[in-house]
Amino acid sequence: EAGVTQSPTHLIKTRGQQATLRCSPISGHTSVYWYQQALGLGLQFLLWYDEGEERNRGNFPPRFSGRQFPNYSSELNVNALELEDSALYLCASSLPPRAPRFFGPGTRLTVL
Amino acid sequence: GESVGLHLPTLSVQEGDNSIINCAYSNSASDYFIWYKQESGKGPQFIIDIRSNMDKRQGQRVTVLLNKTVKHLSLQIAATQPGDSAVYFCADNQGAQKLVFGQGTRLTINP
């Protein structure tokens, strides 16, 4: 069974640009979670999507947004990129009410 | 805000010894905790979880202990192996599927 997949593996952008990150959950999972892992820091909760709706949001500005598609895959969009957005962005999936157990390998975003 | 913290950022043990990784949490209403292992270049991997109605749970070579009185949990790894080298995170489910992670402890195994 395929795990959580993410693309791209690496993404390099410049300040002010927009980034789009993608995630495919484990088959059968309806929830997708996004986390940011900045260098030297733990994982910070970004967003939770379930059945196509945003269910919860972490303490991030509105320029972090996303969506979930009918096939339960998800996109994370980061607008007006800032240098401090450079981080590993991790996606996880689960079948609620279970908390996320399975994470993808992440997308390394570098903002220059 | 609420936080989850770890006592030590690094831990070095001899191969074959037991490892104990500690974690403190501050939200007394927390009722579900998860330990994850993250190897270099990979996403976190679920190890074991525990609910607040338990004080101990065992898995394969791992045991999690929960002390609600002092808001502390620990992960014990028996007979540590080279493949156990990783960063270990505790996480606290604070409702609406929001996990709050600690900063992580890097476990290094000495041969």
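The values are calculated or read from the model by the stated rules, or taken from the named source; none is laboratory data. Bear in mind the structure is a predicted one, so any value in this text is a computation, not a measurement. Please note: Cβ atoms are built from the backbone with ideal geometry, for glycine as well, and neighbour counts cover all protein chains shown. Note: areas computed on protein heavy atoms with side chains; ligands, DNA, RNA excluded. Shrake-Rupley method; radii C 1.70, N 1.55, O 1.52, S 1.80 Å.
When residue A:76 is tested against (1) on the phi < 0 side of the Ramachandran plot; (2) crowded, with 21+ Cβ neighbours inside 10 Å; (3) in a loop (DSSP other than H, G, I, E, B); (4) more than 13 Å from every other protein chain (Cβ to nearest Cβ), only condition (3) is not met. If you go through region A:84-112 and keep only what is open to solvent by less than 10 Å² (accessible area, probe 1.4 Å), facing another protein chain (nearest Cβ under 8 Å) and not hydrophobic (A, V, I, L, M, F, W, C), you end up with A:94, A:100, A:104, A:106.
Among the residues of region A:84-98, write down those that are of a type in the set (S, T, N, Q) and out of contact with any Cys (no Cβ under 9 Å at 6 or more places or on another chain). Within region A:84-98, A:86, A:94 qualify. Residues that are at the interface with chain B (Cβ under 9 Å from one of its Cβ atoms) and under 13 Å from residue A:107 (Cβ atoms) were ranked within region A:32-73; the one that is surrounded by the most Cβ atoms within 10 Å (Cβ to Cβ) is A:35.
Residue A:21 - would you say it is open to solvent by 20 Å² or more (accessible area, probe 1.4 Å), touching a residue at least 60 places away in the same chain (Cβ under 8 Å), part of a strand (DSSP E or B) and not β-branched (Val, Ile, Thr)? Against the criterion (open to solvent by 20 Å² or more (accessible area, probe 1.4 Å), touching a residue at least 60 places away in the same chain (Cβ under 8 Å), part of a strand (DSSP E or B) and not β-branched (Val, Ile, Thr)), residue A:21 does not qualify.
Looking at region B:8-111, the strands (runs of 3 or more DSSP E) lying wholly inside it that each contain 2 or more residues that are touching a residue at least 40 places away in the same chain (Cβ under 8 Å), within 14 Å of chain A (Cβ to nearest Cβ) and open to solvent by less than 20 Å² (accessible area, probe 1.4 Å) sit at B:19-25, B:32-38, B:86-93, B:99-101.
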